[in-house]
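The values are calculated or read from the model by the stated rules, or taken from the named source; none is laboratory data. Here the structure is a predicted model, which is why all the values come from computation and not from measurement. As a convention, Cβ positions derive from the backbone with ideal geometry for all residues, glycine included, and neighbour counts pool all protein chains shown.
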Amino acid sequence: FGGAHEMPRTQVVKALWDYIKTNNLQNPKDRRKIILDEELGKLFKAPLTMFNMNKQLSRHCKTDDRRKSTAKPAVKKEKKKAGSAGSAKKKATNNGKLKAKGGAKKASSAKSKAKTKPKKKKVGAAGAAADGSKKRGGGGFGTVAVLEPLRSFMGTNEASRTEVVKKIWDYIKANNCKDPQDGRNIVPDSTLGKFLTPPVNMFNMNKQLSQYLEKIQKSKSPTKSLCSQDSAATSLPVTN
């Protein structure tokens, strides 16, 4: 039908459509459908349309394996080898640049560290206490002088603030001097009323107690005067 043993598929399809048009083999109601005459009936099976024509042609067309050249794969392999060699060279150069940059950064950081001055060591609280430069804070554990009328309650002239507070709270618990509706509030009895004035609670009790507690003043040692007398005695002239 095509008049040749070998030809492109597109040329085969073109020859078929030329034959169909010259012989008016398209369905007048639906031109997508093709009417089979005696010649087309040898090649195709009904129903034949413009969509399934190529599929039916595949039975009569075969690809020629002899035209496939064997040189192309070799060329592709050579191109791949050349490309891999080029990429390896690029990677090597990039790695060399990165190493050089890393070495330069390390050298600059080492120089900057050498230039920086060493920081002074901070003296801790333990060192200050060992030198004796920092005084100890008494806080609630230091001994204070107890004034009347709190002195008669404590039974001593000197005590620490914590001891005073502890004894008062022991007395409050033993004699039920807490407010039953609010345990934070204190209801002073005749004994507590001598140094605590209502309203008093667990928050302002220490403030009221402060007026009956004083710091103990240390007496000055007479070492300086004795030293001055000794120095004066040594400076006197000796007479015969």
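Would you be able to say whether some residue in the stretch 100-115 is under 30 Å from residue 215 (Cα atoms) and modelled with pLDDT under 65? It would help to see each step written out before you state the result.
Here is the first cut: in the stretch 100-115, the ones under 30 Å from residue 215 (Cα atoms) are none.
Scanning the stretch 100-115 turns up no residue that is under 30 Å from residue 215 (Cα atoms) and modelled with pLDDT under 65.
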**Prompt:** Counting just the residues of the stretch 197-210 that are without any contact (Cβ under 8 Å) to a residue 12 or more places away in the chain and part of a helix (DSSP H, G or I), which one comes out farthest from residue 163 (Cα to Cα)?
**Reply:** 207
**Asked** Identify, please: which residue in the stretch 185-196 is assigned to a loop (DSSP other than H, G, I, E, B) and not aliphatic (A, V, I, L, M) and is, among those, surrounded by the most Cβ atoms within 10 Å (Cβ to Cβ)?
**Response** 195
**Message:** Condition (residue is assigned to a helix (DSSP H, G or I) and either at pLDDT 90 or above or closer than 23 Å to residue 200 by Cβ (or both)) applied to the stretch 135-151: is it met by at least one residue?
**Reply:** yes
**Asked** How many residues are in a helix (DSSP H, G or I), at pLDDT 85 or above and not aliphatic (A, V, I, L, M) if we restrict to the stretch 10-37?
**Response** 7
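Tell me yes or no: at least one residue of the stretch 35-50 is out of contact with any His (no Cβ under 7 Å at 6 or more places or on another chain), among the aromatic types (Phe, Trp, Tyr) and surrounded by 15 or more Cβ atoms within 10 Å (Cβ to Cβ). Walk me through how you get there before you give the answer.
First, the residues of the stretch 35-50 that are out of contact with any His (no Cβ under 7 Å at 6 or more places or on another chain): 35-42, 44-50.
Right, trim to among the aromatic types (Phe, Trp, Tyr) and you get 44.
Within this subset, residues satisfying the condition of being surrounded by 15 or more Cβ atoms within 10 Å (Cβ to Cβ) are 44.
The answer is yes; a qualifying residue exists.
Name the residue that is farthest from the chain's Cα centre (by Cα), counting only residues in the stretch 151-177 that are of a type in the set (Asp, Glu) and within 15 Å of residue 209 (Cα to Cα).
Initially, the stretch 151-177 is screened for residues of a type in the set (Asp, Glu), giving 158, 163, 170.
Filter again for within 15 Å of residue 209 (Cα to Cα), leaving 158, 163.
Details: 158: 56, 163: 49 Å.
My answer is 158.
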